[in-house]
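Chemist: Sharing a structure with you now.
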Amino acid sequence: MKVALFIPCYIDAIYPEAGIATHELLERFGVEVVYPLNQTCCGQPMANEGDNANSAAAEQLFVENFKGFDYIVGPAGSCVKHVRQHFDAIPQTEAVTQVRNNTWELVEFLHDVLGVSAFPWAYFRYKASLHNSCSSIRGLHIAQPSEHMGPYFNKSEKLLQMVEGLELVQLDRPDECCGFGGTFCVTDEAVSARMGLDRIHDYLRHEAEFIISPDMSCLMHQQGIARKAGMHLKFIHIAQVLNGGPF
Amino acid sequence: MSSKRVDVAANAAAFIDKDDIHEPFHDEHLWAARMKRDAAARAVPEWEALRDLASQIKAHTLTHLDHYLELFEANATRHGAKVYWARDAAEHNQHVLDILSSRNINSVIKSKSMLQEECNMTAFLETRGITVTESDLGERIQQLDNQPPSHIVMPAIHKTAGDIAEIFAKAIGTDPNNADPQYLTEAMRQDARQRFLKAGAGMTGANFAIAETGSFVVCTNEGNADIGASVPPVHIASIGIEKLLPKVQDLGIFIRLLSRSALGTLATQYTSHFTGPRNGGELHIILTDNGRSKRLGLPDFWHSLKCIRCGACMNTCPVYRRSGGLAYGATYSGPIGIILDPTFDESKYSELPYHSTLCGSCTEVCPVKIDISDQILKWRKVMAEKKYLPISRRLAFGAAGKVFEHPGLFHGAETAASAAMKITPHFLLYNRSLNPWGRHRELPHFAKQTFREWYLQYKQPDKEPSPKEL
Ligand code: SF4
């Protein structure tokens, strides 16, 4: 199986270890991984601002880079959600539709497509908490949203439960938004920072040492707040835990 | 109405920075309501099916609204009510004034109605010499403090008992140091009772209006609407035209959803049905449009007319809980406010759609399945297209767009360490300056090697990038 790897800009520049772990993890499952070199951004930040003109160019480039692949996998729920659900600043040609339909978030790809049942190489002897992003939960349905009265499921939790040694702690508000929200985190900084701080206190109340997420952007915001407040929490992408590093 | 742009982010910041009490109190109380809602909803196995059904009934009614309105009018008239039509707030208020003045009524007792808030009715009547007294406790607190409701179900939820003690001390002479809820409620009861008994007319809104019977339903927890409707001889009901339901049998679905969604209770304490005037009394019904038919014509936004004003989207909204409702500077706050307010004034409320993380919780919680979060995003597109955004915000995005459009520019900016620090706020944070990020957060550290460099080094050692690819 051949997979095109989509590494969002901020993972490329700030959290390359999350990208490396994703690459290695997919290879461990026998997948052939290709990284199209000319990729930049999926256009989400501009689209979320309502700025269609500027998101169109980024979307077009994304399609150029990723067309023709059966699977496009990215370790970032909100970017994948954008491609799949809101990628409409450009005409919906066959190539665009094909790219949109074939783009997967890492957790759902492991869970739904590869159907993995073990990570024999992974050990993680810590108390940790899971932060699924809102885009992943309510957009991609990788977990049952707490508002919705259907049966419980949580794909990232299920994968993490296969990791030896890992103890997942439950939170008071398990899927409350952390306040990142893309540009919201700067244009609405007071509310954003308060939401992030409340989230961090929830982790601390339950004695989590690590925060694990399939979406590094939420963690970037939370990590910044925790560091500023002098709190010693560690934030890490789920790919790194499932792959057993790099840390 | 002034159309100065509401700076909702600044207002929210002021609420948070006010002290260490109000915002945490607001957040916790509304979150508790959300938790009670979850428990109540979970106890109904067919909850999700009920939401679907309610949404479909509303869609059907709204797409046949002319028919149901006429049916309602005919049936209400048949039962002896007098029905008026109001195109906008001015017509609504004029009808009320005409009814009152022709009967020499100068004192009114009213039960909370968001439509009357929309119409700014109280101020209109008071400047014309008519005393208006709110009968809902929370709303009365807001009235005494000269503030609009901050939440559609719990209008004074942003106030602590201490705040209320202070207001009551000034307004009705209670002990400013006694913030015991029992004491304050009783004091208010004694004060308001006299006004209730003397009022010449009672005003209510309506939660639902039934076309088949011409009756309407008012849901309250204090029974205050019932005093207004049964003590004074004249009852005036302000009903938004979107409140219609076709049949009595539809009601059960909505009654089951409303109170569970709002406060997590099985039903409101009082669910009163009014069909025609009571013996010897008068019933006046003002069917009011005030922008609703215009909204019905907006393909992206008409679903917002399904709203039953339960407030669940506000209770669940993590942004609303921190901001307080007054920050929105509008009749409606929270997620439902964000999608309704711009239909009243696009320019004034152009910042509201940005006051959301698009987390989607409102959409999942809404009992009538309004796609609130998607509508918020669609409103952003309207604001951007119509150039309501501040120029600084638009320029930052132009720059970000250029960087993302050109891989060479992007990777160049990214790999040059000093340039990267300079461009960070633009391509990562899309912001005017580093300050807003840095005030509450440490900046992320740039990695020594990007993922792309790692890939080229370890995964494609024999394939050096051609200049074209850079
Ligand atoms: S939008 Fe939905 S959740 Fe919000 S107040 Fe209206 S009915 Fe309730």
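Bear in mind these aren't lab numbers, they're just calculated from the coordinates by the rules spelled out. As the structure is a prediction and not an experimental result, all values here were calculated from the model. Using ideal geometry, Cβ is built from the backbone for each residue, glycine included, and neighbour counts are taken over all protein chains shown.
Chemist: Over region A:174-231, what number does the Rg to Rh ratio reach, with both radii from the alpha-carbon atoms and Rh per Kirkwood? Spell out each step's value before the answer.
Modeler: Working: Rg = 10.6 Å, Rh = 11.4 Å.
Radius of gyration over Kirkwood radius for region A:174-231 works out to 0.93.
Chemist: Okay, moving on. Quick one: if you stick a label point 7 Å off each Cα along the C-beta vector at residue B:59 and residue A:141, how many nm between them?
Modeler: Here the answer is 1.7 nm between the modelled labels.
Chemist: Determine the principal axes of the Cα atoms in region B:245-291, then give the extent along each, sorted from largest to smallest and rounded to whole angstroms.
Modeler: Projected onto its principal axes, the Cα set of region B:245-291 covers 37, 32, 21 Å.
Chemist: Output the Cα-based Rg and Dmax of region B:115-180 in Å, rounding Rg to one decimal and Dmax to a whole number.
Modeler: 12.7, 36
Chemist: Ranking B:303, B:355 by Cβ neighbours within 10 Å, fewest first, what do you get?
Modeler: Values: B:303 23, B:355 30.
With the sparsest Cβ surroundings first, the list reads B:303, B:355.
Chemist: Between residue A:164 and residue A:92, how high is the FRET efficiency from 1/(1 + (r/R0)^6) when r is the Cβ-Cβ distance and R₀ = 60 Å? Nearest 0.05.
Modeler: Working: r = 45 Å, r/R0 = 0.75.
The computed FRET efficiency comes out at 0.85.
Chemist: Spin-label point model (7 Å from Cα, Cβ direction): what's the residue B:212 to residue A:172 distance in nm?
Modeler: 4.6 nm
Chemist: To continue, here is another question. With label points built 7 Å along Cα→Cβ from the Cα atoms of residue B:172 and residue B:271, find their separation and express it in nm.
Modeler: A separation of 3.0 nm, rounded to one decimal place.
Chemist: So, one more: Could you tally the net charge around residue B:122, taking each other residue with its Cβ under 15 Å from the Cβ of residue B:122, Lys/Arg +1 and Asp/Glu -1? Before the final figure, lay out each step's value.
Modeler: On the way: positive: B:110, B:112, B:128, B:140, B:195; negative: B:117, B:118, B:126, B:134, B:136, B:139, B:145.
Within the 15 Å Cβ shell, the charges total -2.
Chemist: Tell me which cysteines of chain B come out unpaired when the rule is another cysteine's Cβ under 4.7 Å.
Modeler: Here B:119, B:219, B:307, B:310, B:317, B:366 come out as lacking a disulfide-compatible partner, given the Cβ-Cβ threshold of under 4.7 Å.
Chemist: If you bin every alpha carbon distance in the protein assembly as shown into 10 Å steps from zero, what whole percent lands in each bin?
Modeler: 3, 14, 23, 24, 17, 11, 6, 2, 0, 0
Chemist: Fewest first, what order do A:86, B:445 take by the number of other Cβ atoms within 10 Å?
Modeler: Values: A:86 20, B:445 10.
Exposure proxy ranking, most exposed first: B:445, A:86.
Chemist: Continuing with this model, one more query. Report Rg/Rh for region B:1-110, rounded to two decimals, where Rg is the Cα radius of gyration and Rh the Kirkwood radius. Before the final figure, lay out the partial values.
Modeler: Working: Rg = 22.3 Å, Rh = 20.0 Å.
The Rg/Rh ratio comes out at 1.12.
Chemist: Now, a different point. Quick one: net charge of residue A:227's neighbours, Cβ under 10 Å, K/R +1, D/E -1? The partial results should precede the final answer.
Modeler: Values: positive: A:228, B:441; negative: B:442.
With Lys, Arg at +1 and Asp, Glu at -1, the neighbours total +1.
Chemist: Scan chain B and hand back the longest stretch that contains none of the trypsin sites (Lys or Arg not before Pro) lying in DSSP loops with at most 13 other Cβ atoms within 10 Å. All intermediate terms of the calculation are to be shown ahead of the outcome.
Modeler: Numbers: sites that count: B:4, B:18, B:87, B:103, B:128, B:247, B:386, B:387, B:448, B:463.
Answer from the scan: B:248-385.
Chemist: Percent of Cα-Cα pairs more than 24 Å apart in region A:1-101, please. Before the final figure, lay out the partial values.
Modeler: Numbers: 926 of 5050 pairs.
Summing the P(r) of region A:1-101 above 24 Å gives 18 percent of all pairs.
Chemist: Can you give the helix-only mean residue ellipticity at 222 nm for chain A, where every DSSP H stretch with n ≥ 4 adds -39500 (n - 2.57) and the sum goes over all residues, rounded to the nearest 500 deg cm²/dmol?
Modeler: Details: 11 runs with 103 residues, N = 247.
Rounded to the nearest 500, it is -12000 deg cm²/dmol.
Chemist: Using only Cα atoms, figure out Rg for region A:116-187 and give it as a multiple of 2.2 N^0.38 Å.
Modeler: On the way: Rg = 14.1 Å, N = 72, 2.2 N^0.38 = 11.2 Å.
Taking the Cα Rg and dividing by 2.2 N^0.38 Å, one obtains 1.26.
Chemist: For chain B, what does the convex hull of the Cα positions come to per residue, in cubic angstrom?
Modeler: On the way: hull volume 83.0 nm³, N = 470.
Hull volume over Cα atoms, normalised by residue count, gives 177 Å³.
Chemist: To the nearest 0.05, how large is the calculated FRET efficiency for residue B:74 and residue A:127 if R₀ is 51 Å and r is the Cβ-Cβ distance? Walk me through the numbers before you get to the answer.
Modeler: Numbers: r = 67 Å, r/R0 = 1.31.
Here the calculated transfer efficiency is 0.15.
Chemist: Would you mind pulling out the separation of the Cα centroids of region B:206-277 and region A:53-88, in Å?
Modeler: If we compute the Cα centre of each part, the gap is 48 Å.
Chemist: For residue B:4 and residue B:385, what is the calculated FRET efficiency with R₀ set at 22 Å and r taken between the beta-carbons, to the nearest 0.05?
Modeler: Values: r = 22 Å, r/R0 = 0.98.
Calculated transfer efficiency: 0.55.
Chemist: To continue, here is another question. Quick one: what do you get for region A:118-247 if you divide its Cα Rg by 2.2 N^0.38 Å? Mind dumping the intermediate values first?
Modeler: On the way: Rg = 14.3 Å, N = 130, 2.2 N^0.38 = 14.0 Å.
My calculation over the Cα atoms of region A:118-247 gives 1.02.
Chemist: Against the globular-protein guess of 2.2 N^0.38 Å, express the Cα radius of gyration of region B:56-179 as a ratio, rounded to two decimals. Walk me through the intermediate numbers first.
Modeler: Values: Rg = 18.4 Å, N = 124, 2.2 N^0.38 = 13.7 Å.
Here the Cα radius of gyration is 1.34 times the empirical estimate.
Chemist: Could you list log10 I(q)/I(0) for chain A at q = 0.12, 0.13, 0.17 Å⁻¹, which the Debye formula gives when each Cα is one point scatterer?
Modeler: -0.66, -0.79, -1.35
Chemist: Neighbouring Cβ atoms within 10 Å as the yardstick, rank B:55, B:373 fewest first. Write out the running numbers ahead of the final one.
Modeler: Values: B:55 18, B:373 25.
Result, fewest neighbours first: B:55, B:373.
Chemist: How much net charge surrounds residue B:152 when only the other residues with a Cβ under 10 Å from the Cβ of residue B:152 are counted, with Lys and Arg +1 and Asp and Glu -1? Don't skip to the end; give the middle numbers.
Modeler: Working: positive: B:112, B:309; negative: B:117.
Charge balance in the 10 Å sphere: +1.
Chemist: log₁₀ I(q)/I(0) of region B:218-336 at q = 0.14, 0.15, 0.23 Å⁻¹, via Debye over equal Cα point scatterers, no solvent, to two decimals?
Modeler: -0.79, -0.91, -1.42
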